[in-house]
Amino acid sequence: MCGIVGYVGEKRAAPILLDGLQKLEYRGYDSAGIAVFDGKILHIVKKKGRVKELEPARALRGNCGIGHTRWATHGAPSEKNAHPHTYRKFTLVHNGIIENAHILREECLSRGEIFSSETDSEVIAHLISDCYEGNFAAAVCEASKRLQGSFALAVLFGDCPGTIVCARRHSPLVVGREKGGLFVASDVPAIAAEGVEIFSLGDGEFAALHAGEIQFFDEDLRPVLPHPVEYSCKEDAPALGGYRHFMRKEMSEIPAVLRKNSVDFLSNSQFSAFCEVLCHAEYIQIVACGTAYHAGLCAAYAFEKICRVPCEVSIASEYRYRDPIVPQNTVCFAVSQSGETADTLAAAQIAREKGAFLAAVTNVAYSSLTRISDAVLLTNAGREVAVAATKSFNAQLMLLYGVAAFLATKKGREVPPLAELPQAAAGALEVSEEVRGWTAHFLSAKSVFFLGRGADYFTALEGSLKLKEITYLPSEGYPAGELKHGTLALIEKNTPVVAVVTQRELAEKTMNAVHEVYARGAKIFLVTRFEELRARKEVFASVLLPACPEEFSPAVAVIPLQALAYYLSLARGNDPDKPRNLAKSVTVE
Ligand code: AGP
């Protein structure tokens, strides 16, 4: 999604803006731009493509400016649709979606106002100008009251040089202060540095940055308290460390991440209040999107298998609009690597409003999700730069498996040995290098199928998503037992089918499905922990996983599938870290 950065202070703004935008590139974008005010002239440079296209602007004079990386929602990726947008003396950058933009645009057009872009964002500049009656901050507040939807804004005004007014509704925004300078950004990494104090804006809050001071206020200009953000700027400077891509580096960190997320909830007093509530839970709900949703499915399987507690997993964008039923004594886990996914935040808020105890499972301590939750379970996976989630998925699983193990213990039930996972993951990483040799058989596939039963089905779903998002090949993860209900029609000669088989009781059942697709010409790639299956005539190639508890096997079995997606993405000439059309965190609906 879009990225915002802004600076006003003693230094030249342009270098700070460009460096900040580079730190936000992980969010995904298609164009970028900056506006720098030198006290007389507002210089605007914007380009379709990468931030590096803006390098000539680094020499711009002026110590007040804003910058933006755009992930197109309204209006195609182009220079004219790139931010910043200007109307009369107001210039702004925006992250979010204005749902009533078309109505507001018609109103402006009826007043004879001229638009220069196809974006929803530009209408905000028109509104601020129309609301201006001498007070810059008041004009931004009044304009925001007309907006429906989500926004994070940073606004400049030609008659108020040296001032940036910021606004936040749903889309995250932080502001920062150091000696002699003030900052605004979509995310901490863009402005984190030694000596920079950082504050997050709450929903419906505004800030005015001017003359070394930050004023925080609400839409009626009433002062509000700042929300300080604790962060470690050392952590937010990940390096490739010899790897070609962050995705491969982050996969290599999975065993260590599993060890870091092996939490003993029985003895860890930090979670005693949460554990007390959990022990009385009669229902568990999980809301999430994408990979986090798949982590929820894997966790729900474990909760029901070893704790015997009903667990319902929902895609957040569906949950939020179906007026969900939340029974008494429900614990709801909102799972989100970024803690900023708009649909997950909305679903979490609805669950909580309906009486659920809300537990956040997130990788970002200062995220919006942590601020609305009753308990926070941090997946200490370290910053995940690649858009395709890998280590954060494994971390989510390890943490949630630990919760299930705690609950099963409290219920006097047997708990599979969770501690085996880190070692098993290390073994899976080693054998995963073998899938490099599979890519030739996938390169020109019309579609790729991933099959599994039980926990293996959820692993198959995640493997399919990984493949789709970074190779752009059509793919489906399917319950092995469902193929004969229609999907079998899609199997042709040499259609690649990846079968995940780690559940002993279901192994032969899955192999029956493997035989069905094999008989119709499919080429079978097996990911299993059962040596004896590798020699079956249907199997074209296979990798042997280390043994690990079946209930927790997705945390290990997914690794060869992550590797397959990575190597196939390279083979297809893609950048696995920055796949087309995707963002690391989707803060819009
Ligand atoms: C993961 O590989 C995807 N990039 C995507 O599905 C992601 O999991 C989803 O957008 C949810 O993000 P979150 O975990 O930050 O909420």
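Averaging Cα coordinates gives a centre for segment 136-161 and one for segment 398-414; these two points are 49 Å apart.
Going by how many other Cβ atoms sit within 10 Å of their own, how do Leu104, Leu377 line up, fewest first?
Leu104, Leu377
Which of the lysines could be linked to Lys249 by a straight reach, that is with a Cα gap under 16 Å, when you skip same-chain ones fewer than 8 residues away? The qualifying lysines are Lys391, Lys466, Lys578. Straight-line cross-link partners of Lys354 among the aspartates and glutamates, defined as a Cα under 18 Å from its Cα and at least 8 positions apart when in the same chain: Glu282, Glu312, Glu318, Asp323, Asp343, Asp374.
In the chain, the longest principal axis of the Cα atoms and the axis of helix 455-471 are about 50 degrees apart. With the cut-off at under 16 Å, measuring from each backbone N in segment 324-340 to a point 7 Å along the Cα-to-Cβ line of Lys410 picks out 329-333.
Using only Cα atoms and rounding to the nearest 10 degrees, what angle (0 to 90) does helix 290-302 make with the longest principal axis of the chain? The angle comes out near 40 degrees.
Please give the FRET efficiency for Lys537 paired with Leu582, using the beta carbon to beta carbon distance and R0 = 30 Å, rounded to the nearest 0.05. Taking R0 as 30 Å, the efficiency between Lys537 and Leu582 is 0.15.
Candidate cross-link partners of Lys89 among the lysines, defined by an alpha-carbon separation under 25 Å and a same-chain spacing of 8 or more, comprise Lys11, Lys40, Lys46, Lys47, Lys48, Lys80, Lys145.
Any chance you could check the Cα centroid distance between segment 420-493 and segment 512-553 for me, in angstrom? The distance from the Cα centre of segment 420-493 to that of segment 512-553 comes to 11 Å. Calculated FRET efficiency, His515 to Arg58, Cβ-Cβ distance, R0 = 60 Å: about 0.45 to the nearest 0.05. Ranked by how many other Cβ atoms sit within 10 Å of their own Cβ, fewest first, the residues Ile214, Ile372 fall in the order Ile372, Ile214.
If I stretch the segment between Arg308 and His102 completely, what's the gain in nm (0.36 nm per residue apart, minus their alpha carbon distance), one decimal?
On the way: separation 206, 0.36 × 206 = 74.16 nm, distance 5.01 nm.
Extra length available between Arg308 and His102 comes to 69.1 nm.
Helix content alone sets the calculated 222 nm mean residue ellipticity of the chain: runs of n ≥ 4 DSSP H residues at -39500 (n - 2.57) each, divided across all residues, give -9500 deg cm²/dmol.
Using the average count of surrounding beta-carbon atoms within 10 Å as a protection proxy, the listed peptides 461-469, 317-325, 203-211, 481-489 rank, highest first, as 461-469, 203-211, 317-325, 481-489. Once both labels are positioned 7 Å from their Cα atoms along Cα-to-Cβ, the gap between His441 and Ser269 label points is 5.6 nm. With a Förster radius of 35 Å applied to the C-beta separation of Asn380 and Lys89, the computed FRET efficiency comes to 0.15.
Between the alpha-carbon centers of segment 56-89 and segment 257-316, tell me the distance in whole angstrom. For segment 56-89 versus segment 257-316, the Cα centre distance is 42 Å.
Readers should treat all values here as calculations from the given coordinates under stated rules, not as data from a laboratory. Bear in mind that the values here come from a model prediction, so they are computed numbers and not experimental data. Backbone-built Cβ (ideal geometry, glycine too); neighbour counts: all protein chains shown.
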